[in-house]
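The values are calculated or read from the model by the stated rules, or taken from the named source; none is laboratory data. What you see is a predicted model, and the numbers here were worked out from it, not measured in a lab. Cβ coordinates were reconstructed from backbone atoms using ideal geometry, including for glycine residues, and neighbour counts include every protein chain displayed. We work out accessible area using only protein heavy atoms, side chains counted, and drop any ligands, DNA or RNA first. Shrake-Rupley method; radii C 1.70, N 1.55, O 1.52, S 1.80 Å.
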Amino acid sequence: MKGFFITGTDTEVGKTYATALLLKAFVNAGVQAFGYKPIACGDRQDAITLADASAEPLPLDLINPVWLKMPTAPMIAAQFQNCDIPWQTLLNGATELASHGDLVLVEGVGGWQVPITPTQSVADLAVALDLPVLLVIDNKLGAINHTLLTLESITASGLKCAGLILNHPREERDAASISNVAALEALSSAPILIEIMHGQTEIELPDGLR
């Protein structure tokens, strides 16, 4: 399967926003690309956003095979619903979606070590899918620490981080958001591929992802 696994330095850092922009950029470049949200916790808006940005309409249950109603970590949400998360369903869904096109962008849930089951995490899902990782970062105070720790964990999992996506969810800029770019370029083992500015609605596909 060809594609990327998109994770974040935390929850609510803009993973879906970045993934949708990437999908549109791939589709505009002539790539039959689809978004995959294996697990949604809370509502399914993230999955709907990825479905809308994908190359062609597909059933929402294919884009998002596991939907848990509580907006919390999947392991906790499953416990409250008194259900198990079918691990193989998550993997089979990615394979099935890949059969529809050229490339799949898999969006994780929360950050890299969020538990899916008592014994399996988002990191384990990425390893099982064996895709290069794209790391979405909320450009704010603390981003350097969160980025370096996540990169360290990605490397320890045996996967490669193909690049960083620096997201600017706030219009206002401060010293941290201005200086983080240079700091991450100097300290990170992965390149900054994209900077998404506040309110940006489309991006150019970076050379590193072509």
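Given E107, E171, which one is surrounded by fewer than 18 Cβ atoms within 10 Å (Cβ to Cβ) and either more than 30 Å from N82 (Cβ to Cβ) or touching a helix residue (DSSP H, G or I) at 6+ places or on another chain (Cβ under 7 Å) (or both)?
Details: E107 fails: surrounded by fewer than 18 Cβ atoms within 10 Å (Cβ to Cβ).
Exactly one residue qualifies, and that residue is E171.
Yes or no: E202 open to solvent by 60 Å² or more (accessible area, probe 1.4 Å), at pLDDT below 90 and charged (D, E, K, R)? Quick ask: steps written out before the conclusion?
On the way: open to solvent by 60 Å² or more (accessible area, probe 1.4 Å): yes; at pLDDT below 90: no; charged (D, E, K, R): yes.
No, not satisfied.
Need the failing condition index for L193 against (1) more than 26 Å from A53 (Cβ to Cβ); (2) open to solvent by 30 Å² or more (accessible area, probe 1.4 Å), just the number.
Tallying (1) more than 26 Å from A53 (Cβ to Cβ); (2) open to solvent by 30 Å² or more (accessible area, probe 1.4 Å), L193 fails exactly one: (1).
Which residue out of T155, T201, T150 is among the hydroxyl-bearing types (S, T, Y) and in contact with a Gly (Cβ under 9 Å, 6 or more places away or on another chain)?
Numbers: T155 fails: in contact with a Gly (Cβ under 9 Å, 6 or more places away or on another chain); T201 fails: in contact with a Gly (Cβ under 9 Å, 6 or more places away or on another chain).
Selected residue: T150, the only one of T155, T201, T150 that is among the hydroxyl-bearing types (S, T, Y) and in contact with a Gly (Cβ under 9 Å, 6 or more places away or on another chain).
For the stretch 178-199, what are the residues that are more than 18 Å from T150 (Cβ to Cβ) and among the small types (G, A, S)?
Hits for the stretch 178-199 are S179, A182, G199.
Just to check your reading of the model, which residue among A156, A143 is in contact with a helix residue (DSSP H, G or I) (Cβ under 8 Å, 6 or more places away or on another chain) and modelled with pLDDT of 95 or more?
None of the other options fit; the residue is A143.
State whether the residues of the stretch 121-130 include one that is farther than 27 Å from M197 by Cα, of a type in the set (S, T, N, Q), in contact with a Lys or Arg (Cβ under 8 Å, 6 or more places away or on another chain) and open to solvent by less than 50 Å² (accessible area, probe 1.4 Å).
For the stretch 121-130, residues farther than 27 Å from M197 by Cα, of a type in the set (S, T, N, Q), in contact with a Lys or Arg (Cβ under 8 Å, 6 or more places away or on another chain) and open to solvent by less than 50 Å² (accessible area, probe 1.4 Å): absent.
Which pairs turn up if I take residues in the stretch 98-119 that are of a type in the set (F, W, Y) and look for partners that are at pLDDT 95 or above and surrounded by fewer than 19 Cβ atoms within 10 Å (Cβ to Cβ) with beta carbon separation below 8 Å, at least 6 apart in sequence or on another chain?
W112/S153
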